[in-house]
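The values are calculated or read from the model by the stated rules, or taken from the named source; none is laboratory data. The shown structure was predicted, so the numbers you read here are calculated from the model rather than taken from an experiment. Here Cβ is always computed from backbone atoms with ideal geometry, including for glycine, and neighbour counts include all displayed protein chains. Remember, those area values only see protein heavy atoms, side chains included, never the ligands or the DNA or RNA. Shrake-Rupley method; radii C 1.70, N 1.55, O 1.52, S 1.80 Å.
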Amino acid sequence: MLLKRQVEGVGPKDASILLVGEALGTEERLKGEPFIGWSGQFLREMCERAGLDWTAMRVDNIVQYQPDRNDFSVFYSDKLNRVPTEELLLWWTDLRQRILQVRPKVIIAAGDHALYALTENKASTLWRGSVIPYTDQDFSCHIIPIVHPSYARRCYIMTSTKLKDMRQPWF
(Lines give C-alpha, C1' and ligand atoms only; values in the text may rest on other atoms or scores of the structure.)
Protein backbone atom coordinates (compact mmCIF):
# COMPACT_ATOMS: atom_id res chain seq x y z
CA MET A 1 0.00 0.00 0.00
CA LEU A 2 1.35 3.40 -0.99
CA LEU A 3 0.87 6.00 1.74
CA LYS A 4 -0.99 9.14 0.66
CA ARG A 5 1.02 12.23 1.63
CA GLN A 6 -0.43 15.73 1.40
CA VAL A 7 1.92 17.51 3.83
CA GLU A 8 5.19 16.26 5.24
CA GLY A 9 6.88 17.43 8.43
CA VAL A 10 8.65 20.78 8.65
CA GLY A 11 11.67 22.03 10.52
CA PRO A 12 15.26 20.87 10.81
CA LYS A 13 15.83 17.20 10.05
CA ASP A 14 18.32 17.10 12.94
CA ALA A 15 16.15 18.91 15.51
CA SER A 16 16.53 18.11 19.21
CA ILE A 17 12.75 18.24 19.66
CA LEU A 18 10.28 16.42 17.44
CA LEU A 19 6.64 17.31 17.92
CA VAL A 20 4.23 14.66 16.64
CA GLY A 21 0.54 15.37 16.11
CA GLU A 22 -2.22 13.21 14.69
CA ALA A 23 -3.18 14.26 11.16
CA LEU A 24 -3.79 17.32 9.04
CA GLY A 25 -6.73 19.63 9.42
CA THR A 26 -8.16 21.72 6.61
CA GLU A 27 -5.84 24.70 7.10
CA GLU A 28 -2.79 22.45 7.31
CA ARG A 29 -3.74 20.75 4.07
CA LEU A 30 -4.41 24.06 2.32
CA LYS A 31 -1.28 25.84 3.58
CA GLY A 32 1.03 22.82 3.38
CA GLU A 33 2.35 22.83 6.94
CA PRO A 34 1.44 20.92 10.10
CA PHE A 35 -0.02 22.80 13.10
CA ILE A 36 -0.75 25.99 11.17
CA GLY A 37 -4.45 26.24 12.06
CA TRP A 38 -6.37 27.16 15.19
CA SER A 39 -4.77 24.55 17.48
CA GLY A 40 -1.36 25.14 15.95
CA GLN A 41 -1.52 28.83 16.81
CA PHE A 42 -2.25 27.90 20.41
CA LEU A 43 0.63 25.40 20.46
CA ARG A 44 3.03 27.95 19.00
CA GLU A 45 1.98 30.39 21.71
CA MET A 46 2.71 27.79 24.40
CA CYS A 47 6.13 27.11 22.88
CA GLU A 48 6.89 30.82 22.76
CA ARG A 49 5.88 31.25 26.42
CA ALA A 50 8.25 28.42 27.29
CA GLY A 51 11.09 30.11 25.41
CA LEU A 52 11.22 27.60 22.55
CA ASP A 53 11.98 28.55 18.98
CA TRP A 54 9.29 26.89 16.84
CA THR A 55 11.58 27.01 13.79
CA ALA A 56 14.23 24.94 15.64
CA MET A 57 11.80 22.04 16.21
CA ARG A 58 10.75 19.35 13.76
CA VAL A 59 6.94 19.28 13.52
CA ASP A 60 5.15 16.32 12.00
CA ASN A 61 2.02 14.17 12.16
CA ILE A 62 1.42 10.44 12.31
CA VAL A 63 -0.77 10.55 9.21
CA GLN A 64 0.35 13.04 6.58
CA TYR A 65 -3.06 13.73 5.06
CA GLN A 66 -6.44 14.99 6.20
CA PRO A 67 -8.87 12.17 7.07
CA ASP A 68 -12.49 12.44 5.97
CA ARG A 69 -14.40 14.89 8.19
CA ASN A 70 -11.19 15.40 10.23
CA ASP A 71 -12.11 12.16 12.01
CA PHE A 72 -9.01 10.24 13.10
CA SER A 73 -11.18 7.34 14.27
CA VAL A 74 -11.44 6.19 10.63
CA PHE A 75 -7.98 4.68 11.21
CA TYR A 76 -9.33 2.18 13.76
CA SER A 77 -11.23 -0.96 12.77
CA ASP A 78 -12.63 -1.14 16.32
CA LYS A 79 -13.04 2.43 17.52
CA LEU A 80 -13.91 1.53 21.12
CA ASN A 81 -10.78 -0.57 21.66
CA ARG A 82 -8.64 1.41 19.20
CA VAL A 83 -7.63 -1.49 17.00
CA PRO A 84 -5.51 0.11 14.25
CA THR A 85 -6.31 -0.54 10.61
CA GLU A 86 -3.65 -1.90 8.28
CA GLU A 87 -3.18 1.63 6.93
CA LEU A 88 -2.60 3.08 10.39
CA LEU A 89 -0.06 0.37 11.18
CA LEU A 90 1.80 1.40 8.01
CA TRP A 91 1.74 5.02 9.16
CA TRP A 92 3.13 3.97 12.56
CA THR A 93 5.99 2.17 10.80
CA ASP A 94 6.56 5.21 8.60
CA LEU A 95 6.60 7.47 11.68
CA ARG A 96 9.25 5.28 13.34
CA GLN A 97 11.40 5.64 10.21
CA ARG A 98 10.96 9.43 10.27
CA ILE A 99 11.98 9.45 13.95
CA LEU A 100 15.13 7.48 13.13
CA GLN A 101 15.99 10.04 10.45
CA VAL A 102 15.66 12.97 12.88
CA ARG A 103 17.02 11.22 16.00
CA PRO A 104 15.65 13.85 18.42
CA LYS A 105 16.47 14.03 22.11
CA VAL A 106 12.79 14.53 22.96
CA ILE A 107 9.55 13.65 21.20
CA ILE A 108 6.47 15.61 22.20
CA ALA A 109 3.40 13.42 21.63
CA ALA A 110 0.52 15.85 21.07
CA GLY A 111 -2.71 14.04 21.82
CA ASP A 112 -4.05 10.55 22.44
CA HIS A 113 -3.36 9.16 18.97
CA ALA A 114 0.29 10.29 18.93
CA LEU A 115 0.83 8.85 22.41
CA TYR A 116 -0.77 5.56 21.39
CA ALA A 117 1.28 5.34 18.17
CA LEU A 118 4.54 5.88 20.04
CA THR A 119 3.97 4.04 23.32
CA GLU A 120 0.72 2.04 23.05
CA ASN A 121 -0.45 4.04 26.09
CA LYS A 122 -3.87 5.63 25.89
CA ALA A 123 -5.32 8.81 27.43
CA SER A 124 -2.86 11.67 27.12
CA THR A 125 -4.73 13.45 29.92
CA LEU A 126 -3.41 10.76 32.29
CA TRP A 127 0.12 10.72 30.86
CA ARG A 128 0.67 14.42 30.12
CA GLY A 129 3.91 15.73 31.53
CA SER A 130 5.35 12.24 32.08
CA VAL A 131 8.71 11.26 30.67
CA ILE A 132 8.52 7.93 28.85
CA PRO A 133 11.61 6.18 27.49
CA TYR A 134 11.53 5.44 23.75
CA THR A 135 13.85 2.97 22.04
CA ASP A 136 13.91 1.78 18.44
CA GLN A 137 16.83 -0.17 17.00
CA ASP A 138 20.02 1.58 18.20
CA PHE A 139 18.26 4.86 18.99
CA SER A 140 16.71 6.06 22.25
CA CYS A 141 15.19 9.28 23.52
CA HIS A 142 12.30 10.41 25.72
CA ILE A 143 8.64 11.00 24.94
CA ILE A 144 6.70 13.68 26.74
CA PRO A 145 2.93 13.46 26.18
CA ILE A 146 0.76 16.55 26.15
CA VAL A 147 -2.95 16.88 25.53
CA HIS A 148 -3.67 17.85 21.95
CA PRO A 149 -3.78 21.64 21.68
CA SER A 150 -7.23 21.57 20.06
CA TYR A 151 -8.54 19.66 23.09
CA ALA A 152 -6.83 22.05 25.47
CA ARG A 153 -8.24 25.03 23.64
CA ARG A 154 -11.78 23.64 23.56
CA CYS A 155 -11.98 22.09 27.00
CA TYR A 156 -9.73 23.91 29.45
CA ILE A 157 -10.35 27.13 31.25
CA MET A 158 -6.86 28.55 31.15
CA THR A 159 -6.18 28.96 34.83
CA SER A 160 -2.58 29.38 35.92
CA THR A 161 -2.53 25.65 36.79
CA LYS A 162 -3.63 24.65 33.29
CA LEU A 163 -1.14 27.01 31.67
CA LYS A 164 1.61 25.49 33.82
CA ASP A 165 0.43 22.02 32.79
CA MET A 166 0.65 22.95 29.11
CA ARG A 167 4.16 24.43 29.59
CA GLN A 168 5.49 21.59 31.74
CA PRO A 169 6.84 19.41 28.91
CA TRP A 170 9.09 22.19 27.69
CA PHE A 171 11.04 22.66 30.94
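Taking the Cα centre of the chain as origin and charging only Cβ (+1 Lys, Arg; -1 Asp, Glu), how large is the dipole, in debye to the nearest 20?
Using Cβ point charges on Lys, Arg, Asp and Glu, the chain gives about 460 debye.
Tell me which GluC sites (Glu not before Pro) from the stretch 1-84 have a DSSP coil assignment and no more than 14 other beta carbons within 10 Å of their own.
8
In the stretch 99-142, what chymotrypsin sites (Phe, Trp or Tyr not before Pro) fall in a loop by DSSP, with at most 11 other Cβ atoms inside 10 Å?
none
Please work out the Cα convex hull volume for the chain and give it in Å³ per residue.
Output value, Cα hull per residue: 114 Å³.
Only helical DSSP H runs with n ≥ 4 go in: add -39500 (n - 2.57) per run for the chain, normalise by residue count and round the 222 nm mean residue ellipticity to 500 deg cm²/dmol.
-10000 deg cm²/dmol
In percent, what relative contact order does the chain have, based on Cα pairs under 8 Å that are 6 or more apart in sequence?
The value is 25 percent.
Aspartates and glutamates near residue 105 by alpha-carbon distance under 15 Å, same-chain residues fewer than 8 away left out - which ones?
14, 136, 138
Highest GNM mean-square fluctuation, the chain, Cα pairs closer than 10 Å: which of 101, 137, 64?
Fluctuation is largest for 137.
Over the stretch 1-98, what is the relative contact order in percent, taking alpha-carbon pairs closer than 8 angstrom and at least six residues apart?
Relative CO of the stretch 1-98 lands at 35 percent.
Roughly what % of DSSP beta bridges within the chain run antiparallel, to the nearest 5?
That works out to approximately 40 percent antiparallel.
Could you do me a favour and compute the accessible area per residue for the chain, 1.4 Å probe, result in Å²?
51 Å²
Taking all protein chains in place and a 1.4 Å probe, what share, in percent, of the accessible surface of the stretch 52-101 do carbon and sulfur account for?
In the stretch 52-101, the share of accessible area belonging to carbon and sulfur is 50 percent.
Please list, or write none, the aspartates and glutamates whose alpha carbon is within less than 16 Å of the alpha carbon of residue 122, excluding same-chain residues fewer than 8 places away.
22, 78, 112
Hey, rough spin-label estimate for residue 55 and residue 3, points 7 angstrom out along Cα→Cβ, what's it come to in nanometres?
If labels sit at residue 55 and residue 3, their model points lie 2.8 nm apart.
So which trypsin sites (Lys or Arg not before Pro) in the stretch 1-103 are both in a DSSP loop and have at most 13 other Cβ atoms within 10 Å of their Cβ?
4, 5, 13, 79
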